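Trainee: Please see the structure below; I have some questions.
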Amino acid sequence: MRERTFAPGRILIYLVVSLVAAAWLAPLAVVVLNSLRSNEEIAQASMIGWPKQWAWSNYATAWSGFCVAETCAGIRPYMLNSALVTIPATIFSTLLGAVAGYAISLWRFRGDSWIYGIVTLGLFLPQQMRLLPWTIVLRDTGLMNTLTGLVVIHTIQGLSFTVLFCRNYYTAIPPDLIRAARIDGAGFFRIFWRIILPLSPPILVVTVIWQFTHIWNEFLYGVTFTTGQQQPVTAALIALSAAVADIPQHGVQSAAVMIAALPTLLIYLIGGKYFVRGLTAGAVK
Amino acid sequence: MAALSIRALSKRYANLEVLKGIDLDIESGEFTVLVGPSGCGKSTLLNIIAGLDLPSSGTVEIGGRVVNDIPPKDRDIAMVFQSYALYPSMTVRQNITFGMECRHVAKAEQEKALANVARLLQIEPLLGRKPSQLSGGQRQRVAMGRALVRDPLLFLFDEPLSNLDAKLRVEMRMEIKRLHQRIGATIVYVTHDQIEAMTMATRIAVMHRGVVQQFADPDTVYRYPANLFVARFMGSPPMNTMPARLEADASGPVVVIGAGRPDEVRLRLGQYDAAAPFVGRDVVVGIRPECIAEGSRVFSADPPVVVNAPVEMVEPTGAETIVLLRLGGEPALARITPDIRPTPGAAAPFALDTRRICLFDPETERLIA
């Protein structure tokens, strides 16, 4: 028997789903629409409205012309800052997390579960709590207001997550593999490069996506530990909206927000299908 | 030369003593099977020999060299794992040559060794495949190839056949045995399957509770089990063991099962000098199921021993019929010819082979004679 398409229950489900989706998407829609409206138009009408004329120039202005903190180069330099922080920190935290997860799960040693517990405890510490310790560390190492400082912070804090995920993934790898390789004469790092790493793409995709989006979207450390030209884009966006101007530049600001959100969106579009697969992927049978 | 010597080896995990003073000497070219129920310590012993685990005390010598402080890769051993442990991301070729690559063997030499092993195991067509593209039997072969290519002093096998289905297991069993005969390697093989032990080993070490119960060739282990554990573990169905009483008259010792009962069974023993001190005492008598047969079977030139015994259950297997009967009230299994099917609930005549009876001390559980 064919299922009835218009069963009342089903209609209700679609209704609820549509409402939830609309609630979630409304802010995005407002930003997208505003990014395509001129400032005058927004000022005359309201924050919510359909563009009368497509103002693509907002994007160009946001990218390279808008003035933030007395320099008028748009958000381009801050996008570059974000990339210079996010890409190395993602790579370092993922690789270190993979090595640490491999050591903890497959080379049992005294105190390994303690180390694992302490490292992953970082996931449960609120960000604000870590501000002061990091301030001291950055001050003493001379990395205050540098991109390197942010890379260090995100690499180390990222370890909590990457170690957790890699370790849980690697525990599914049969320990006999390691034993066989040890008898074959391979050491810790050779086993990692030749045997473990080739099995790791599913979990590495997960950690890379996770790390990338988190570090890119991170705001608190960026705004606390950097100023002016050193800020990542998330912090610069605030500076942009706070810029004193005659007229509020909602159109340009919306375009800037869209540009800033683009990299994480792309990462999800490219890696999203591996992301879910990696989260659910089990053992290496 | 002893290929492997184990001296007073013990292993403790916290309060648990897994191995209790193991002593073993294995000659070069021997196929030694460590057999025992799960948890008997056989796999721990193998891991200690391999260097993957460390002993709490005692020494391991391989090829006359104490290897306690030598890492696995330098012990001149190769190991085949129950899970095969093939490297999933490498091809069969890379799996086999990985060890040589780690030991920096020259490329040309690697190719030669690979070709030899591939031919020996007939896996040439598989060299380019990944382990996931292989069947269970093929994976097994590749795992053996990885061990063989090393040409080590000692091969270690850790239950290599237990992941295979019954038919393939029998095939691989024969193949491993044939391989051993061809290359004359020294093998230590761990299994919980006593049939594998009986069929492949040149010597069997039966282990139980961290102790080697008996270390002897398969015939001796089967014919003269050192104690009740070995008697009941080896053989399928296992040896019948029944409480009995040892008596003696002018012509020698007589073992009485169910003494004093109307259906007591009296079995005259032949040469059992060692049993003399037990005359007049309780013993445990062990009779293999194949030593109890249908009444018409003639076991020896001596006057045949035939008893009438009640039959409780009959299991035809095709090749033979297994009969559960009672001797002097004690349950016992018999293996009789397949075309005879005694009626359960009725009594039937059974012939006994009294030459192969074992006697055990009920207190120490050790073999008396």
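Trainee: Does A:Ser82 count as part of a helix (DSSP H, G or I), free of Cβ contacts under 8 Å to residues at least 40 places away in the same chain and polar (S, T, N, Q)?
Mentor: On the way: part of a helix (DSSP H, G or I): yes; free of Cβ contacts under 8 Å to residues at least 40 places away in the same chain: no; polar (S, T, N, Q): yes.
The answer is no for A:Ser82.
Trainee: Which one of the conditions (1) in contact (Cβ under 8 Å) with a residue 12 or more places away in the chain; (2) over 27 Å from the mean Cα position of the chain (by Cα); (3) over 29 Å from B:Thr321 (Cβ atoms) does B:Ala274 fail to meet, given that it meets all the rest?
Mentor: (2)
Trainee: Turning to a different aspect of this structure: Filter the helices (runs of 4 or more DSSP H) completely within segment B:186-248 down to those with at least 2 residues that are farther than 30 Å from B:Asp151 by Cβ.
Mentor: Details: elements: B:194-200, B:218-223, B:228-233.
In segment B:186-248, the matching helices (runs of 4 or more DSSP H) lie at B:218-223, B:228-233.
Trainee: Filter segment B:41-68 down to the residues that are more than 14 Å from chain A (Cβ to nearest Cβ), in a loop (DSSP other than H, G, I, E, B) and either among the small types (Gly, Ala, Ser) or without any contact (Cβ under 8 Å) to a residue 24 or more places away in the chain (or both) and list them by number. Full working, then the answer.
Mentor: The first filter runs over segment B:41-68 and keeps only residues more than 14 Å from chain A (Cβ to nearest Cβ), leaving B:41-42, B:45, B:55-61, B:63-66, B:68.
Narrowing further to those that are in a loop (DSSP other than H, G, I, E, B): B:41, B:55-56, B:63-64, B:68.
Those that are more than 14 Å from chain A (Cβ to nearest Cβ), in a loop (DSSP other than H, G, I, E, B) and either among the small types (Gly, Ala, Ser) or without any contact (Cβ under 8 Å) to a residue 24 or more places away in the chain (or both): B:Gly41, B:Ser56, B:Gly63, B:Gly64, B:Asn68.
Trainee: Something else now. Just to check your reading of the model, which residue among B:Lys112, B:Lys177 is in a helix (DSSP H, G or I), under 29 Å from B:Glu27 (Cβ atoms) and modelled with pLDDT of 90 or more? It would help to see each step written out before you state the result.
Mentor: Details: B:Lys112 fails: under 29 Å from B:Glu27 (Cβ atoms).
It is B:Lys177.
Trainee: State yes or no: is B:Arg223 over 29 Å from B:Gln110 (Cα atoms), more than 14 Å from chain A (Cβ to nearest Cβ), surrounded by fewer than 20 Cβ atoms within 10 Å (Cβ to Cβ) and touching a Cys at 6+ places or on another chain (Cβ under 7 Å)?
Mentor: No; evaluated as a whole, the condition is false for this residue.
Trainee: Let me ask something additional. Tally the residues that are within 7 Å of chain B (Cβ to nearest Cβ) and without any contact (Cβ under 8 Å) to a residue 40 or more places away in the chain, restricting the search to segment A:178-199.
Mentor: Quick first cut of segment A:178-199, residues within 7 Å of chain B (Cβ to nearest Cβ) only: A:179-180, A:182-186, A:190, A:195, A:198-199.
Okay, now just the ones that are also without any contact (Cβ under 8 Å) to a residue 40 or more places away in the chain, so A:179-180, A:182-186, A:190, A:195, A:198.
Residues flagged as within 7 Å of chain B (Cβ to nearest Cβ) and without any contact (Cβ under 8 Å) to a residue 40 or more places away in the chain within segment A:178-199 amount to 10.
Trainee: Now a separate question. Evaluate segment B:87-94: report whether one residue or more is crowded, with 22+ Cβ neighbours inside 10 Å and either modelled with pLDDT of 95 or more or in a helix (DSSP H, G or I) (or both). Before you say what the answer is, go through the steps one by one.
Mentor: So the first thing to find is which residues in segment B:87-94 are crowded, with 22+ Cβ neighbours inside 10 Å, and the list is B:87, B:92.
Pick out the ones that are also either modelled with pLDDT of 95 or more or in a helix (DSSP H, G or I) (or both) and you get B:92.
Yes, segment B:87-94 contains a residue that is crowded, with 22+ Cβ neighbours inside 10 Å and either modelled with pLDDT of 95 or more or in a helix (DSSP H, G or I) (or both).
Trainee: With respect to B:Arg139, determine if the residue is touching a strand residue (DSSP E or B) at 6+ places or on another chain (Cβ under 9 Å), within 14 Å of chain A (Cβ to nearest Cβ) and among the basic types (Lys, Arg). Please lay out each step first, then the result.
Mentor: Details: touching a strand residue (DSSP E or B) at 6+ places or on another chain (Cβ under 9 Å): no; within 14 Å of chain A (Cβ to nearest Cβ): yes; among the basic types (Lys, Arg): yes.
For B:Arg139, the condition - touching a strand residue (DSSP E or B) at 6+ places or on another chain (Cβ under 9 Å), within 14 Å of chain A (Cβ to nearest Cβ) and among the basic types (Lys, Arg) - is not met.
Trainee: Looking at A:Asn145, is it outside any loop (DSSP other than H, G, I, E, B), away from every other protein chain (no Cβ under 14 Å) and within 24 Å of the chain's Cα centre (by Cα)?
Mentor: Values: outside any loop (DSSP other than H, G, I, E, B): no; away from every other protein chain (no Cβ under 14 Å): yes; within 24 Å of the chain's Cα centre (by Cα): yes.
Judged against the criteria, A:Asn145 is not a match.
Trainee: Scan (1) basic (Lys, Arg); (2) away from chain B (no Cβ under 14 Å); (3) in contact with a Phe, Trp or Tyr (Cβ under 9 Å, 6 or more places away or on another chain) for the single condition A:Arg139 breaks and write down its number.
Mentor: Result: A:Arg139 passes all but (3).
Listed here are the residues, each with its yes/no results for (1) without any contact (Cβ under 8 Å) to a residue 24 or more places away in the chain; (2) within 22 Å of A:Gly228 (Cα to Cα).
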site	(1), (2)
A:Arg76	yes, yes
A:Ala98	no, no
A:Leu106	no, no
A:Ile115	yes, no
A:Leu123	no, no
A:Leu131	no, yes
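Trainee: Still on this structure, I have one more. Residues that are over 16 Å from A:Gly101 (Cα atoms) and touching a Lys or Arg at 6+ places or on another chain (Cβ under 9 Å), at least 1 per element: which helices (runs of 4 or more DSSP H) completely within segment A:165-230 meet that?
Mentor: Values: elements: A:175-184, A:188-191, A:201-217, A:220-225.
So the answer is A:175-184, A:220-225.
Trainee: Please pick out the residue among A:His154, A:His214 that is surrounded by fewer than 21 Cβ atoms within 10 Å (Cβ to Cβ) and in contact (Cβ under 8 Å) with a residue 24 or more places away in the chain. Step through it out loud before you land on a result.
Mentor: Details: A:His154 fails: surrounded by fewer than 21 Cβ atoms within 10 Å (Cβ to Cβ).
A:His214 is the lone residue from the list that is surrounded by fewer than 21 Cβ atoms within 10 Å (Cβ to Cβ) and in contact (Cβ under 8 Å) with a residue 24 or more places away in the chain.
Trainee: Still on this structure, I have one more. For A:Ala83, work out the one condition from (1) surrounded by fewer than 18 Cβ atoms within 10 Å (Cβ to Cβ); (2) over 28 Å from A:Ser64 (Cα atoms); (3) at pLDDT 90 or above it doesn't fulfil.
Mentor: Here A:Ala83 meets the rest and fails (2).
Conditions tested, residue by residue: (1) more than 13 Å from every other protein chain (Cβ to nearest Cβ); (2) surrounded by fewer than 23 Cβ atoms within 10 Å (Cβ to Cβ); (3) part of a helix (DSSP H, G or I).
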| residue | (1), (2), (3) |
| --- | --- |
| B:Ser83 | no, yes, no |
| B:Glu101 | no, yes, yes |
| B:Val105 | no, yes, no |
| B:Ala108 | yes, yes, yes |
| B:Asn116 | yes, yes, yes |
| B:Ala143 | no, no, yes |
| B:Pro152 | no, yes, no |
| B:Leu164 | yes, yes, no |
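Trainee: Residues that are facing chain A (nearest Cβ under 9 Å) and crowded, with 23+ Cβ neighbours inside 10 Å: does segment B:119-136 have at least one? Show your work before the answer.
Mentor: Quick first cut of segment B:119-136, residues facing chain A (nearest Cβ under 9 Å) only: B:132.
Now restrict to residues that are crowded, with 23+ Cβ neighbours inside 10 Å: none.
Checked segment B:119-136: no residue is facing chain A (nearest Cβ under 9 Å) and crowded, with 23+ Cβ neighbours inside 10 Å.
Trainee: Here is a follow-up. If you scan segment A:167-177, which residues turn out to be within 26 Å of the chain's Cα centre (by Cα) and either within 12 Å of chain B (Cβ to nearest Cβ) or of a type in the set (S, T, N, Q) (or both)? Walk me through how you get there before you give the answer.
Mentor: Pass one, segment A:167-177, residues within 26 Å of the chain's Cα centre (by Cα): A:167-171.
A:Asn168, A:Thr171 - these are the residues of segment A:167-177 that are within 26 Å of the chain's Cα centre (by Cα) and either within 12 Å of chain B (Cβ to nearest Cβ) or of a type in the set (S, T, N, Q) (or both).
Trainee: Exactly one condition in (1) within 25 Å of B:Ala2 (Cα to Cα); (2) buried (at least 20 other Cβ atoms within 10 Å of the Cβ); (3) in contact with a strand residue (DSSP E or B) (Cβ under 6 Å, 6 or more places away or on another chain); (4) hydrophobic (A, V, I, L, M, F, W, C) is false for B:Val230; which is it?
Mentor: (1)
The values are calculated or read from the model by the stated rules, or taken from the named source; none is laboratory data. All figures in this text were calculated on a predicted structure; none of them were measured in a lab. Heads up, the Cβs are rebuilt from the backbone with ideal geometry, glycines too, and the neighbour counts pull from every protein chain shown.
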